[in-house]
Amino acid sequence: MIKKLLPFEKLVYHSTLTKEELLAHLQNEIEAEKSFGFGAINHSYSKPYIGKIYNNSFEIKRAINYRNSFLPIINGEIQNDFNGSKISVKMNLVEFVKVFMIIWLGGVLIGCLATSYGIIFKNGLNSEGGLFMFIPFFMLIVGIVMVSFGFKAESKKSIKDLEEILKAKIIER
């Protein structure tokens, strides 16, 4: 259930370019990441995306000069198709962030359930907790909104960028 609260995107693009042309064009738009990431301080990149290409697949993310833990990791696979190529793209959170948010939201959800139990079966809203009883609900809502907004703001930019970079149109969402 918690995993369903985390954002992701699944898209399929179609391009008139061949798989080989797309891979060559994509290679011109990405560069290797300059550091591991935890201590990275505003590296400047000359290309809009960082990542790597292997065989017919790629793993990239936007090259940004600010922090966003919810920046989507974009995995794509390019296949030849009639009249060009088909590109299947999945955008997800970084695995560490995904695991952290599942644990955090899971803990907050347990707090919400415990609070609900107390409200329903104990003293109701007249208990000692007062408004503090609603903190777990607030934390759950804020956590979901924070993850969704941080991810969706960046994924919208990447969806548009990929149309331009891949010279493609979205055919399936």
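What to note about this one:
- All of 70, 96 fail the test of being open to solvent by 20 Å² or more (accessible area, probe 1.4 Å), outside any helix (DSSP H, G or I) and within 27 Å of residue 27 (Cα to Cα), apart from 70.
- Contacts under 6 angstrom Cβ, first residue in the range 84-110 being closer than 23 Å to residue 53 by Cβ and modelled with pLDDT of 95 or more, partner charged (D, E, K, R) and in a strand (DSSP E or B), 6 or more apart: 88/77; 90/10; 91/9
- Selection status of residue 159, in contact with a strand residue (DSSP E or B) (Cβ under 8 Å, 6 or more places away or on another chain), surrounded by 16 or more Cβ atoms within 10 Å (Cβ to Cβ) and either aliphatic (A, V, I, L, M) or part of a strand (DSSP E or B) (or both): yes
- The set of residues in the range 126-141 being open to solvent by 60 Å² or more (accessible area, probe 1.4 Å) and modelled with pLDDT of 70 or more consists of 131, 132, 134, 135, 137, 138, 139, 141.
- Applying the set (1) within 26 Å of residue 163 (Cβ to Cβ); (2) outside any strand (DSSP E or B); (3) in contact with a helix residue (DSSP H, G or I) (Cβ under 7 Å, 6 or more places away or on another chain); (4) of a type in the set (S, T, N, Q) to residue 115 leaves exactly one unmet item: (1).
- Filter result (open to solvent by less than 30 Å² (accessible area, probe 1.4 Å) and over 14 Å from the mean Cα position of the chain (by Cα)) within the range 73-85: 78, 84, 85
The values are calculated or read from the model by the stated rules, or taken from the named source; none is laboratory data. Predicted, not measured: the structure shown is a model, and the values here were computed from it. Heads up, the Cβs are rebuilt from the backbone with ideal geometry, glycines too, and the neighbour counts pull from every protein chain shown. Keep in mind that these areas ignore ligands, DNA and RNA; they rest on the heavy atoms of the full protein, side chains included. Shrake-Rupley method; radii C 1.70, N 1.55, O 1.52, S 1.80 Å.
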